[in-house]
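Derivation of every value follows stated rules applied to the coordinates shown; laboratory data play no part. What you see is a predicted model, and the numbers here were worked out from it, not measured in a lab. Counting neighbours? That spans all protein chains shown, and the Cβs are built from the backbone with ideal geometry, glycine included.
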């Protein structure tokens, strides 16, 4: 029975990480580039709208739920260290927590907050936007790679079990 619970947890982690990775991938590969091609006030307003909507969407339970599941995976991997796949489970959980969650909280959210406080029509907002596009996207690449890597590590943990 406990093995089934661990397997279910690994599937939840895999799918949660993969869904988050897909969203971040879209932002890294074309959404931010598209927003950067339009006039700054429109790009700022669009990103402000995205930030407002995403906080009230199904993204938030997925974001926090997948983070919690990854931390449970870390704890279970240590508790069941002798079992096959435990090291991959530990690695997946740590990569996801640090590379996705901590990165988001420390880098992307403060940048979002600064952008949300900006008046899209002001000259200062244009400078904020130029920096935001570069720095936010760079940290989003990190989140994309961490989420994708964690999903792969959780798949490997499942295969090894």
Estimated 222 nm signal from helices in the chain, with DSSP H stretches of n ≥ 4 weighted -39500 (n - 2.57), rounded to 500: -26000 deg cm²/dmol
Past the 24 angstrom mark, what percentage of all C-alpha to C-alpha distances in the range 2-160 do you count? 39 percent
Can you give the FRET efficiency to the nearest 0.05 for residue 53 and residue 159, using r as the Cβ-Cβ distance and R₀ = 35 Å? 0.40
Taking the chain as the reference, fit the longest principal axis to its C-alpha atoms, fit the long axis of helix 2-26 to the helix C-alpha atoms, and give the angle between the two in degrees, 0 to 90, nearest 10. 20 degrees
With only alpha-carbon atoms in the gyration tensor, what are the semi-axes of the equivalent ellipsoid for the range 11-50, in Å, largest first? 28, 10, 4
Mean Cβ-within-10 Å packing, highest first, puts peptides 51-61, 95-105 in the order 95-105, 51-61
Given the Cα-Cα distance of residue 71 and residue 106 and 0.36 nm per residue of separation, how much length would full extension add, in nm? 10.8 nm
In degrees, nearest 10, range 0 to 90: what is the angle between the Cα axis of helix 59-79 and the longest Cα principal axis of the chain? 30 degrees
Taking Cα centroids, how far is the range 58-132 from the range 1-36 in Å? 11 Å
Round to the nearest 10 and give me the degree value, 0 to 90, for the angle of helix 123-160's Cα axis relative to the longest principal axis of the chain. 10 degrees
Normalised convex hull volume, the range 1-86, alpha-carbon set, Å³ per residue: 95 Å³
Can you tell me how much longer the chain between residue 114 and residue 42 gets when fully stretched, taken as 0.36 nm per residue apart minus their C-alpha distance, in nm with one decimal? 24.3 nm
Multiply the residue separation of residue 82 and residue 62 by 0.36 nm, subtract the distance between their alpha-carbon atoms, and state the gained length in nm to one decimal. 4.2 nm
